[in-house]
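**Student:** Please see the structure below; I have some questions.
None of the figures in this text is laboratory data; all of them are computed from the coordinates on show. Computed from a predicted model, the values in this text were never measured in an experiment. Neighbour counts are summed over all protein chains in view; Cβ atoms, including those assigned to glycine, are modelled from backbone coordinates with ideal geometry.
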Amino acid sequence: MTLPMRGFFVIMLAAGLVACDSIELTIAVNQPEEGWLEVINSNDHVLKDAHLVIEAFESEGATRPCGEENISRWEPGQGIRVPACAEKVRFTLTAGGETARFSYANGQVYRRIGRKEVPISR
């Protein structure tokens, strides 16, 4: 393998590692009443300085901002009430230097990995 090819593979590997979402961060979502969702820290540890971005998923992949929450200390099992601003809602959670992306539709939470959505079992 030539030196330029090795450099290319090293750069691609590094870019892939940087772009990866955290598989450590997890959430659960309930719909306690019409128009609202409860996002729950389903990790087994406290999340400090967590940032949760909420987006409404619209047709053809378009999203619009729906809200955001900054949580200084998010205890395991603790829920945060957010608006259910669409039939499908996307969440981006950042905490401890890690980021994880999720979506919620029809009572099911999905982990977003790139363009794929993988159901999270309850």
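**Student:** Considering the zone a paramagnetic label at Glu98 would reach in this model (a point 7 Å from Cα along the Cα-to-Cβ line), which residues of segment 46-64 have amide N under 12 Å from it?
**Tutor:** Hits in segment 46-64 for Glu98 at 12 Å: 46-48.
**Student:** What residues have an amide H closer than 5 Å to that of Ile113, excluding those fewer than 5 places away on the same chain, when H is modeled at 1.01 Å from N in the peptide plane?
**Tutor:** For Ile113, the qualifying residues are Val118.
**Student:** Follow-up. Tell me which of Val46, Leu25, Val82 sits at the most positive position along the dipole axis of segment 23-119, charges placed on C-beta atoms (Lys, Arg +1; Asp, Glu -1).
**Tutor:** Leu25
**Student:** So what is Rg over Rh here for segment 23-119, counting just Cα atoms and using Kirkwood for Rh? Kindly include the intermediate steps, with their values, before the conclusion.
**Tutor:** On the way: Rg = 12.4 Å, Rh = 13.4 Å.
Result for segment 23-119 is an Rg/Rh of 0.93.
**Student:** Spin-label point model (7 Å from Cα, Cβ direction): what's the Lys116 to Gln31 distance in nm?
**Tutor:** 2.7
**Student:** In segment 84-122, which GluC sites (Glu not before Pro) are in a loop and have at most 14 other Cβ atoms within 10 Å, using DSSP for the loop call?
**Tutor:** Loop-located and lightly packed - Glu87.
**Student:** For segment 55-105, what is the charge dipole size about the Cα centre, in debye to the nearest 20, if Lys and Arg each add +1 at the Cβ and Asp and Glu each add -1 at the Cβ?
**Tutor:** Dipole magnitude for segment 55-105 comes out near 80 debye.
**Student:** With Cβ to Cβ distances under 11 Å as the rule, what net charge do the other residues near Val39 carry (K, R +1; D, E -1)?
**Tutor:** Combined, the nearby Lys, Arg, Asp and Glu give -1.
**Student:** Through the Karplus equation 6.51 cos²θ - 1.76 cosθ + 1.60, θ set to phi - 60°, convert the phi angles of segment 115-121 into ³J(HN,Hα) values in whole Hz; use x for Gly and Pro.
**Tutor:** So the J values, rounded to whole Hz, are 9, 8, 10, 10, x, 9, 6.
**Student:** Another question, then. Report relative contact order for segment 23-119 in percent, whole number only (criteria: Cα-Cα under 8 Å, sequence separation at least 6). Walk me through the numbers on the way to the answer.
**Tutor:** Numbers: 222 pairs, mean separation 26.7, N = 97.
Value for segment 23-119: 27 percent.
**Student:** If you place +1 on the Cβ of every Lys and Arg, -1 on the Cβ of every Asp and Glu, and leave all else neutral, what size is the dipole of segment 23-119 about its Cα centre, to the nearest 20 Debye?
**Tutor:** Dipole of segment 23-119, to the nearest 20 debye: 280 debye.
**Student:** Considering amide H positions built from the backbone, and no H for Pro or chain starts, which residues 5 or more places from Thr26, or on another chain, come under 5 Å of its amide H?
**Tutor:** So Thr26 has HN proximity to Ser42, Asn43.
**Student:** For segment 61-70, just list the computed ³J(HN,Hα) in residue order, Karplus coefficients 6.51, -1.76 and 1.60, θ = phi - 60°, integers in Hz, with x standing in for Gly and Pro.
**Tutor:** x, 6, 10, 9, x, 10, x, 7, 10, 10
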